[in-house]
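Take a look at the structure set out below.
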Amino acid sequence: MFKDTEHLIRLAAVMIIALAVFGVVRAAVVPKSFGQYGHYRADAIADIAARPIAHAGHEVCEGCHTDVVEVKKLGKHVVVPCEACHGAQANHADDPATIKPPKTDTAVVCSRCHEANSAKPKAFPQVVTAEHSGGLACDTCHQPHRPKIEEEKTTAKTTTEVKK
Amino acid sequence: MDITRRRMLLLLPAAAVAWKYVEAGTPEASPNYKMSEHWWGMLIDIPKCIGCGSCVRACAAENDVPEGYYRTWIERYHVADWKIERPEVESPDGGKQGFPPNQSDGKNFFVPKLCNHCADSPCTQVCPVGATFVSPDGVVLVDKSYCLGCRYCVQACPYGCRFINPKTNTAEKCTLCYHRITKGLTTACCEVCPTGARQLADLKNPKDPIHEFLKTHMVQVLKPHMATGAKVFYNGMDGSVR
């Protein structure tokens, strides 16, 4: 038996209290879901998943704009999703009556894909817009949803397709 | 109760059964989406990319990415003849507004880049506070409320896919549109890609066309020597791509 066991008991008591305080503080501070899947807060996954979407997706667009779908089917732009040109339209899809998408400027939008560039795949149709249209908006001649121009019109127009 | 050898042996299997429940955790919040059934990645078909920048614009709109920062971006490579180790790479405004005309000699092509959602990601390993992690469905995410903004992860990413958001001062990166893929949609970049150069891939879904594609094509990941377990697969990628 030790001489001054009281000291040891006091020391033990202090340590137990300190441990208890640590336990209480830790339980209060560390989120419940921390460590559920790993060394992180599992609830963060749900927080990130809760963000609202901005792009509706072409399936949603096609639900209403069936006329455009029919036109697109006839041409090469059938593969181009709506929001590639029209921008994010989830707001419009949620409330089509009041939120109207802005008019698409074909002079800007078309050239993003079709402006000639040597890094683009060779088979992809490209033009130098300055030579091709001289700054005219593309929809002066082309219908963007079905861009191929009918035979008689193409002969009237001078199309200089640059294949680089 | 004394713990005798016999009782201990009886307790062990009971503890093992109990631990199974601890590991399984609480059921996931969204009933239609089960994290355990997915393992996300992406397929990028370089010969199809036209460098239009639709993906970069869509990403910015979808995720409110600050001006001058990119969660995804497009690089244009110019490789002069044999100088495969000295490619000229440029990415003006991340390719958001397309690319100006360039030299037509040599080899020119676009490479879209984004977080590779590495299975063994270097960025999550260095986080000192557990603010970034690989989710059970294989997406590298950042917990904004935990991030200190210490920038370790920005340095650790070998692909340069992270940045510090100047508004929140926390690390930010591609979430693979986690808010979309958990709702059954594709990512914003894949949604708007006009040529199908980018395709979201669920590697755990046996019906996903990615499996057939990987079987029939020569596919690479970026920096395979770093053994990051990258899950963004590039088809038709040149050896000059870094």
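Values quoted throughout were computed directly from the atomic coordinates according to the rules given, and no laboratory measurement underlies them. In this text the structure is predicted, and so the values were computed from the model without any measurement. No Cβ is skipped: glycine too gets one built from the backbone with ideal geometry, and neighbour counts run over all protein chains shown.
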Task: Only Lys, Arg (+1) and Asp, Glu (-1) charged, at Cβ; chain B dipole about Cα centre in debye - done: 560 debye
Task: Per principal axis, descending, Cα span of chain B in whole Å - done: 84, 44, 35
Open item on the list: If packing is taken as the average number of other Cβ atoms within 10 Å across a peptide's residues, how do B:148-155, B:92-99, A:91-98 rank, most packed first?
Closed with: B:92-99, B:148-155, A:91-98
- [ ] Would you work out if region A:5-49 is rounded, prolate or oblate? Take a ≥ b ≥ c from the square roots of the eigenvalues of the alpha-carbon gyration tensor; rounded if a/c is under 1.5, else prolate when a/b is larger than b/c, oblate otherwise.
- [x] prolate
Open item on the list: Quick check on the exposure proxy: order B:Asp137, B:Asp238 from fewest to most C-beta atoms within 10 angstrom.
Closed with: B:Asp238, B:Asp137
- [ ] Could you work out, residue by residue across A:116-127, how many beta carbons of other chains sit within 10 Å of that residue's beta carbon, and then give the average as an integer?
- [x] 6
Task: Sequence-distant residues sharing a close amide H with B:Thr170 (under 5 Å, placed H) - done: B:Asn165
Open item on the list: What does the structure give for B:135-141 when I average, per residue, the other chain Cβ atoms found within 10 Å of the residue Cβ?
Closed with: 3
- [ ] Ignore the peptide's own chain and count Cβ atoms of other chains within 10 Å of each Cβ in B:50-57; give me the average, rounded.
- [x] 5
Open item on the list: For region A:54-100, compute Rg over Rh where Rg is the Cα radius of gyration and Rh is the Kirkwood radius from the inverse mean 1/r over Cα pairs.
Closed with: 0.97
- [ ] Could you list the trypsin sites (Lys or Arg not before Pro) in region A:1-37 that lie in coil according to DSSP, counting only those with at most 12 other Cβ atoms within 10 Å of their Cβ?
- [x] A:Lys3, A:Lys32
Task: Relative contact order (percent, whole number), chain A, Cα cutoff 8 Å, 6+ residue spacing - done: 18 percent
Task: Links that overshoot a 23 Å alpha carbon limit, given the list A:Lys73/A:Lys148; B:Lys113/B:Lys231; A:Lys100/B:Lys48; A:Lys76/B:Lys204 - done: A:Lys100/B:Lys48; A:Lys76/B:Lys204
Task: For chain B, share of DSSP beta bridges that run antiparallel, in % to the nearest 5 - done: 85 percent
Task: Calculated Rg and Dmax of the protein assembly as shown using C-alpha coordinates, Å - done: 27.3, 114
- [ ] Could you point to the residue in B:Cys55, B:Ala188, B:Ile3 farthest towards the positive end of chain B's charge dipole, with +1 and -1 charges on the Cβ of Lys/Arg and Asp/Glu respectively?
- [x] B:Ile3
TODO: Express the relative contact order of chain B as a whole percentage, based on alpha carbon pairs under 8 Å and six or more residues apart in sequence.
DONE: 27 percent
